[in-house]
Amino acid sequence: DVSSSRSKSRKAYFNAPSSARRVMMSAPLSKELREQYGVRSMPVRKEDQVVVVRGSKKGQEGTISSVYRLKFAIQLEKLTKEKSNGASVPLNIHPSKVVITKLHLDKDRKALIARKGGKSE
């Protein structure tokens, strides 16, 4: 059974294992990719190209440099913040606030698209 209790849902979300977080950290595909692959969303991965669609960084494009599952965040190569001591730190963005514009395909990713009922080309 699936609980509709807010506290249980939050507990399950924040205590989720890494394997479950991967699926939670999915992002929608752009309209072009949706047409091309017949799939609406995919779990994000390193090397995917995305565009930010919400928040103060809206409109920024970039390649995912890391997927930080522990923080439910992704980091883009170009999105950094300058610290007062001059060091630059990557900004964390939630995957639901981006749209994937180019997929980094390998055999596992193609298999996932096929399993979701999409078309590989």
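Every read-out reported here was derived from the displayed coordinates using simple, explicitly stated rules and does not represent laboratory data. Predicted model only: the values in this text are computed from it and were never measured. Please note: Cβ atoms are built from the backbone with ideal geometry, for glycine as well, and neighbour counts cover all protein chains shown.
Test of understanding: what is the full-extension gain from GLU61 to LYS31, defined as 0.36 nm times their sequence separation minus their Cα-Cα distance? Don't skip to the end; give the middle numbers.
On the way: separation 30, 0.36 × 30 = 10.80 nm, distance 1.60 nm.
Full-extension gain reported as 9.2 nm.
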Give me the lysines in straight-line cross-link reach of LYS71: C-alpha distance below 23 Å, same-chain residues under 8 apart excluded.
LYS8, LYS11, LYS46, LYS57, LYS58, LYS81, LYS83, LYS97
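Taking neighbour counts of Cβ atoms within 10 Å as a proxy for exposure, in what order, fewest first, do PHE14, PHE72 appear? Write down the numbers at each step before the final one.
Numbers: PHE14 8, PHE72 17.
Going from sparsest to densest Cβ surroundings: PHE14, PHE72.
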Run the reach check for LYS78 against aspartates and glutamates, Cα to Cα strictly under 17 Å, same-chain hits fewer than 8 apart removed. What comes back?
GLU47, ASP48, GLU61
What does a probe at SER4 reach in the range 12-40, counting residues whose amide N is under 20 Å from the point 7 Å along Cα→Cβ?
12-13
Explain nothing, just compute: Karplus ³J(HN,Hα) = 6.51 cos²θ - 1.76 cosθ + 1.60, θ = phi - 60°, for every residue of the range 76-91 in order, whole Hz, x for Gly and Pro.
9, 4, 8, 8, 10, 10, 8, 7, 5, 8, x, 6, 9, 10, x, 8
What are the ³J(HN,Hα) values, in whole Hz, obtained from phi via the Karplus relation 6.51 cos²θ - 1.76 cosθ + 1.60 with θ = phi - 60°, for each residue of the range 57-73 in sequence order, with x given for Gly and Pro?
9, 4, x, 6, 10, x, 9, 5, 8, 7, 10, 9, 5, 4, 9, 6, 9
Karplus (6.51, -1.76, 1.60) ³J(HN,Hα), θ = phi - 60°, over the range 37-44, in Hz, Gly and Pro reported as x
9, x, 10, 8, 9, 9, x, 6
Candidate values (1) 15.6; (2) 14.8; (3) 16.2, label of the one derived for Kirkwood radius over Cα pairs in Å
(1)
Report the relative contact order of the range 13-121, percent, no decimals, based on alpha-carbon pairs under 8 angstrom and at least 6 residues apart.
30
Residues with amide H under 5 Å of THR101's amide H, sequence separation 5 or more or different chain, H placed in the peptide plane at 1.01 Å from N; which?
GLN49, VAL50, VAL51
Could you put ASP106, ASP48 in order, starting from the residue whose Cβ has the fewest other Cβ atoms within 10 Å?
ASP106, ASP48
